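Remarks on the structure that follows.
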Ligand SMILES: Nc1nc2c(ncn2[C@@H]2O[C@H](COP(=O)(O)OP(=O)(O)OP(=O)(O)O)[C@@H](O)[C@H]2O)c(=O)[nH]1
Ligand SMILES: [Mg+2]
């Protein structure tokens, strides 16, 4: 039997992770997969793409779909993000509807995410995240409050940040995965995304963490060149796209200090994740109104054309 051949004992499935912005979807996917496949930040709308994270076990392969947070789109970028999120729930074995339990009650974003999930018809587990932020005596009432969002296969409180109760969540997920199924990804693949994509996202994550106000949302990163060079060394040239000259100045910083800090933080984490030395060359360029520009959105893999995303 070849390693990719189906066996009756091997199981595989797809699980979409849905929810309002900032509830911890990417943190949860990274925790379940066991390595970082999707960037995380305290700012809403961190994730822009649908990103697969793959969990491997000898008898099992689970493909988690991280999705952009449900929000009210204000531009074509937002439209593409919402299409990505909505499309993720089609043809999956299960959906994890994630909510931020540290907020006293469900908001409109949670209800919208719940509606999309219910409409998909997929079995849904309500995951109440950030339970570490709720005093123990308030947890039961908070769980009951969120459970009113709909009918769920299970309601599981967790902390994606510190890993609390993720084993219980895994048991509930496994109960929804049918027997059989192919190995979709080779055993060394943790994501469907390229090394270049991950490197670009890490640059964006550091920008999200190191800048404020309108800058984080005005930034996109595109990898222009990626090449293995003797050393071995991975050479990566990436463009940081912003909307205005003032944002470019902020990102470059006095004497180039900011871009250096961003580049160094991204490079160190990328080296750690990829296990190879990296030379990261960053350029900042201004593209007015890129969030509504089909050309640049297409370059980012966030095409405005529904048939292409
Ligand atoms: N205290 C606490 N913080 C958490 C937990 N899970 C995630 N966070 C934090 O919540 C913030 C948002 O996390 P993300 O994983 O980026 O959230 P997301 O739902 O993917 O956000 P978008 O991609 O913007 O929709 C980050 O600051 C995380 O560290 C948790 O279990 N407990
Ligand atoms: Mg995210």
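Summary of computed values
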{"item": "Verdict on residue 255 being surrounded by fewer than 16 Cβ atoms within 10 Å (Cβ to Cβ) and outside any strand (DSSP E or B)", "result": "yes"}
{"item": "Residue 97 vs. criteria crowded, with 20+ Cβ neighbours inside 10 Å, within 14 Å of ligand 1 (Cβ to nearest atom) and more than 13 Å from the chain's Cα centre (by Cα)", "result": "yes"}
{"item": "Qualifying residue in the stretch 22-35 (condition: under 18 Å from residue 202 (Cα atoms), more than 8 Å from ligand 1 (Cβ to nearest atom), touching a helix residue (DSSP H, G or I) at 6+ places or on another chain (Cβ under 9 Å) and not assigned by TED's automatic domain parsing to the domain that holds residue 296)", "result": "yes"}
{"item": "Hits in the stretch 159-185 (condition: within 16 Å of ligand 2 (Cβ to nearest atom) and crowded, with 18+ Cβ neighbours inside 10 Å)", "result": "160"}
{"item": "Criterion violated by residue 58 - all others in (1) touching a strand residue (DSSP E or B) at 6+ places or on another chain (Cβ under 6 Å); (2) without any contact (Cβ under 8 Å) to a residue 40 or more places away in the chain satisfied", "result": "(1)"}
{"item": "Any helices (runs of 4 or more DSSP H) falling wholly within the stretch 36-152 and containing at least 2 residues that are within 19 Å of residue 216 (Cβ to Cβ)", "result": "76-88"}
{"item": "Qualifying residue in the stretch 2-16 (condition: farther than 14 Å from residue 190 by Cα, within 11 Å of ligand 2 (Cβ to nearest atom), surrounded by 20 or more Cβ atoms within 10 Å (Cβ to Cβ) and modelled with pLDDT of 95 or more)", "result": "no"}
{"item": "Subset tally (residues that are outside any strand (DSSP E or B), at negative phi and exposed (fewer than 11 other Cβ atoms within 10 Å of the Cβ)) for the stretch 210-232", "result": "3"}
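The values are calculated or read from the model by the stated rules, or taken from the named source; none is laboratory data. Quantities reported herein were computed from a predicted structural model and do not represent experimental measurements. Counting neighbours? That spans all protein chains shown, and the Cβs are built from the backbone with ideal geometry, glycine included.
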